[in-house]
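Please treat every number below as a calculation from the coordinates, not as lab data. Given the structure is predicted, the values throughout are model-derived calculations rather than measurements. Cβ atoms come from the backbone with ideal geometry, glycine included; neighbour counts cover every protein chain shown.
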Amino acid sequence: MGSLATLFGLFWLVWILWVTVSKGLAAISPALFAQPTPPPPGIGGGLANAFLGSLEVNAIALLVGTPVGIGAGLWLAEYARRRVLGTVIRFLNDILLSAPSIVLGLFVYTLVVRPLGHFSALAGGLALALIVLPVVVRTTDEMLRLVPSTMREAALSLGVPQWKVITQILLRSARAGVVTGILLALARICGETAPLLFTALNNQYWNHNLFKPIATVPVVIFQFAMSPFDGWHALAWAGALVVTLFVFVLSLLSRLLLARSKVTHD
């Protein structure tokens, strides 16, 4: 029975990937990465401005969410192991980890977009940072707790300050797992659409102003897929293929890092 269930799930996964690859490859061309999104009816053009916009928004999310997440994970693992406050924060982090992304988008819309009076790339990055944050916190916390206590005790017994123990010994031992968490967080936000609809919105043109609306690949895919134009449909499939391949590469890198870390520790 379990084998049948596995085959059933794999069938749909393979079918989705096959459709994405077959339809996406037909629209892959140099123009896809060199030209901005075309106006209706979608003849010519590409997704260059959307790729750049996604790069900017994701970079903001990582720059904001990664340092805070690593810091919070360090505090949970080294200073709040058996404290009630640490247990409460882990519980709240798990809630944030499973929160619908559209709720996070509405939260940033209320706090950032409405006071500023317009959508912006910065607001989109902050919304995605709320998705990055709990993933990095959880991964950092768990990876540091896997480091043997004997390493801490040996360093502290030699008179090494605790901040040096954390930064030069513990983080170095757990860096592969921490980097893996960052890559997984990046893979998760690459395809998020709902938070960006309420924060970054969209932009048909090039935009380098972080305080203005900006095009992103997931939102453009959503817009083009819902349109009646065949040209936009083709670009949507091409964008979906690029995002799928990017997520696949990130997942592969994370697995290679974990495998290399395991071999090193063994």
* To do: Take the alpha-carbon positions of segment 96-183, form their convex hull, and give its projected area averaged over all directions (one quarter of the hull surface) in nm².
  => 7.3
* To do: List the longest stretch of the chain that has no exposed loop site; here a site is one of the chymotrypsin sites (Phe, Trp or Tyr not before Pro) assigned by DSSP to anything other than H, G, I, E or B, with at most 16 other Cβ within 10 Å.
  => 80-204
* What angle do you read, to the nearest 10 degrees and between 0 and 90, between the alpha-carbon axis of helix 84-98 and the longest principal axis of the chain? -> 20
* Where the Cα atoms of segment 4-105 are projected onto their three principal axes, how long is each span, largest first, in whole Å? -> 60, 43, 23
* Asked: Per residue, how much space in cubic angstrom lies within the convex hull of the C-alpha atoms of segment 139-209?
  -> 136
* To do: Quick one: among R83, R152, R188, which has the greatest mean-square fluctuation in a GNM of the chain with alpha-carbon springs under 10 angstrom?
  => R83
* Asked: For the chain, what log10 I(q)/I(0) values come out of the Debye formula at q = 0.14, 0.16 1/Å, with one point per alpha carbon and no solvent?
  -> -1.03, -1.19
* **Helix axis angle, 230-265 relative to the chain longest principal axis, alpha carbon, degrees** => 20
* To do: Enter the Cα centre distance for the pair segment 205-231 and segment 1-22, rounded to the nearest angstrom.
  => 30
* **Dipole of segment 43-265, positive end: most advanced residue of I189, L62, P115 [Cβ charges, Cα centre]** => L62
